[in-house]
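The values are calculated or read from the model by the stated rules, or taken from the named source; none is laboratory data. The model shown is predicted, which means the values in this text are computed figures rather than measured ones. A quick note on method: Cβ atoms are made from the backbone with ideal geometry, for glycine too, and the neighbour counts reach across all protein chains shown.
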Amino acid sequence: MRWTAYRSDVVVTFDLFGTLVSVRRETAPAAAIRTYFLDAGFAVPERFEQAYYEPQLECPPDRALSTTEHVRATVAACDVDVPTTLCRRAVRETFTAEPTLRAETTAAIRLAADRGPVGLCSNCSVVGLVEEILSETQIEDAFDAVVTSVGCGWRKPSPKIFETVASRLGVDPASITHIGDNRTTDGGIETVGGTFINCQEQSLLAFAQKDR
């Protein structure tokens, strides 16, 4: 259920991490995942930790690869057979986010929803993590479309991910104002004719000035 009815004159999409929420980040994910496997009774060798930071599967830069797939390939490269379900649980446990909404998040989403369709467009390689964060911060019902890189197969700044969120919102990609914290990735909206607002340089509410 949407928070409010809207008038369709402005289309806004938001990045998630560093834009709407701050999260706790695991500083040594390879070590944490290996420890999880060891505790589960799987003798994953120490070389797993180095191999984790190396490419194990071919993946073009603009395509998305889930962390679970990467971990499965890494343990296989270490000659260990770990069940997919355990790989998935290890990844989710390691990347538990403990999210905190940024100060202007609620106001920005409410204002965007009052002005037009609202989407979320996030690079995230952990299946289900974005949805978990939206639920924990109680903003899961605020968006008309939620698109993640692991869900659609494309990573920002690829135009494909922005075209995907535009399609799900039922709008032209060029009509979107995308708000994010990284010009390299979020600025990809400009390749499809949209507008980028850097929330590191402007307020999350800056889009309200766009059509004035």
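Among the residues making up segment 8-59, a single one is touching a Gly at 6+ places or on another chain (Cβ under 7 Å), among the charged types (D, E, K, R) and surrounded by fewer than 16 Cβ atoms within 10 Å (Cβ to Cβ): Asp9. Scanning segment 118-164 for residues that are farther than 15 Å from Phe95 by Cα, among the aliphatic types (A, V, I, L, M) and in a loop (DSSP other than H, G, I, E, B) yields Ile139, Ala142. Within segment 116-144, the set of residues being under 30 Å from Glu49 (Cβ atoms) and either of a type in the set (S, T, N, Q) or in contact (Cβ under 8 Å) with a residue 60 or more places away in the chain (or both) comprises Ser122, Asn123, Cys124, Ser125, Val126, Val127, Val130, Ile133.
Loosely packed, with under 15 Cβ neighbours inside 10 Å and in contact (Cβ under 8 Å) with a residue 40 or more places away in the chain: does that describe Thr85? Taking the combined requirement at face value, the residue does not satisfy it. What tally of residues in segment 62-92 results from selecting those that are in contact with a Phe, Trp or Tyr (Cβ under 6 Å, 6 or more places away or on another chain) and not in a loop (DSSP other than H, G, I, E, B)? Of the residues in segment 62-92, 2 are in contact with a Phe, Trp or Tyr (Cβ under 6 Å, 6 or more places away or on another chain) and not in a loop (DSSP other than H, G, I, E, B). Taking the numbered list (1) touching a residue at least 40 places away in the same chain (Cβ under 8 Å); (2) assigned to a loop (DSSP other than H, G, I, E, B); (3) of a type in the set (Ser, Thr, Tyr) in turn, Tyr36 passes all entries but (2). Checking each residue of segment 46-54 against the condition of being in contact with a Leu (Cβ under 7 Å, 6 or more places away or on another chain) and modelled with pLDDT of 95 or more gives no match.
Checking the structure you have, find out if any residue of segment 52-71 is at positive phi and among the acidic types (Asp, Glu). Looking through segment 52-71, none of the residues is at positive phi and among the acidic types (Asp, Glu). The residue pairs whose first member lies in segment 96-115 and is within 16 Å of Gln202 (Cβ to Cβ), whose second member is among the aromatic types (Phe, Trp, Tyr) and part of a helix (DSSP H, G or I), and whose beta carbons are closer than 9 Å, counting only pairs six or more residues apart or on different chains, are Ala108/Phe207; Leu111/Phe207; Ala112/Phe207.
Of everything listed in (1) surrounded by fewer than 15 Cβ atoms within 10 Å (Cβ to Cβ); (2) at positive phi, the single unmet condition for Val80 is (2).
Inclusion of Ser167 among residues that are in the same structural domain as Ala113 (by TED's automatic domain parsing), closer than 30 Å to Thr68 by Cβ, without any contact (Cβ under 8 Å) to a residue 24 or more places away in the chain and among the hydroxyl-bearing types (Ser, Thr, Tyr) is warranted. Which of the residues belonging to segment 174-193 are surrounded by 16 or more Cβ atoms within 10 Å (Cβ to Cβ), over 19 Å from the mean Cα position of the chain (by Cα) and free of Cβ contacts under 8 Å to residues at least 60 places away in the same chain? Hit for segment 174-193 is Val192, nothing else.
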